[in-house]
1. Under 7 Å between Cβ atoms, which residue pairs at least 6 apart in sequence (or on different chains) link something in the stretch 106-130 that is farther than 22 Å from I96 by Cβ with a partner that is of a type in the set (S, T, Y)?
2. Which count do you get for residues in the stretch 131-146 that are outside any helix (DSSP H, G or I) and at pLDDT 95 or above?
3. Scan the stretch 111-130 for residues that are touching a strand residue (DSSP E or B) at 6+ places or on another chain (Cβ under 9 Å), assigned to a loop (DSSP other than H, G, I, E, B) and surrounded by fewer than 20 Cβ atoms within 10 Å (Cβ to Cβ) and jot them down.
4. Within the stretch 157-188, restricting attention to residues that are more than 14 Å from L121 (Cβ to Cβ) and of a type in the set (D, E, K, R), which residue is modelled with the highest pLDDT?
Amino acid sequence: REAKIGNVRLLSFGWHYNTPGSDCHFRCLRRFIPVVMLECLVSQIKDTESAYTSGERQCKKPRTNAVQNVDYRVLVAEDNRINQKVLLRLLQQVGIQNVKVVDNGKEAVDVCAQEDFDVILMDKQMPVMNGLDACRLILNGDTNQRKPKIVLATAEVSQGLEQQSREAGCSDFLPKPFSLKDVKTLFHKLSISKEES
């Protein structure tokens with residue numbers, strides 16, 4: 001019988017003994033494990049323990065992903081519940097807490113008529129009203145006091161879609177599946193744009 005731990009291989013030596021009335025068995029160790037193997041085993045265990053404890057310390061460190069000096073009010077228009085939860089978690093990780101979620105483009109248009117938002121993360125394909133149509137209505141409407149930056153969230157990447165989104169008034173893209181890196185990069189660009197305006 002043998003077991004592997006990293007690059008270390010442990011071997012059991014000696015005669016095999018069964019215990020009457022039991023599924024247990026024993027082996028007689030007839031050879032000592034070489035010192036080199038023991039040293040390698042100890043080193044492997046120490047490396048694993050060190051990686052584990054350093055991972056714990058890293059989790060306890062303060063977050064460095066936050067977008068600095070920008071207090072955004074964000075609207076998420078997304079019909080998929082899992083994507084909603086993922087986006088909410090990622091936004092929290094970059095320091096954005098003021099977030100409202102709606103399930104389709106029509107709800108996004110309605111809520112923008114009553115409230116102001118800095119950024120809208122708009123899913124492209126939604127029931128009732130898709131993201132591009134909602135984008136046009138929000139940016140061309142007269143009811144909202146200020147025009148938000150609308151970011152189209154989509155897994156589709158094509159030149160045709162890019163042209164359509166620009167014509168609809170979208171400011172940027174957020175690719176699916178969502179990642180912390182993409183969300184952080186997006187809001188970093190938006191914060192620069194906001195500071196310059």
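The values are calculated or read from the model by the stated rules, or taken from the named source; none is laboratory data. A quick note: this is a predicted structure, and the numbers were derived from the prediction, not measured. Glycine also receives a Cβ, built like all others from the backbone with ideal geometry; neighbour counts cover every protein chain displayed.
1. A113/T143
2. Total meeting the criteria: 0.
3. E115, D118, Q125, N130
4. K181
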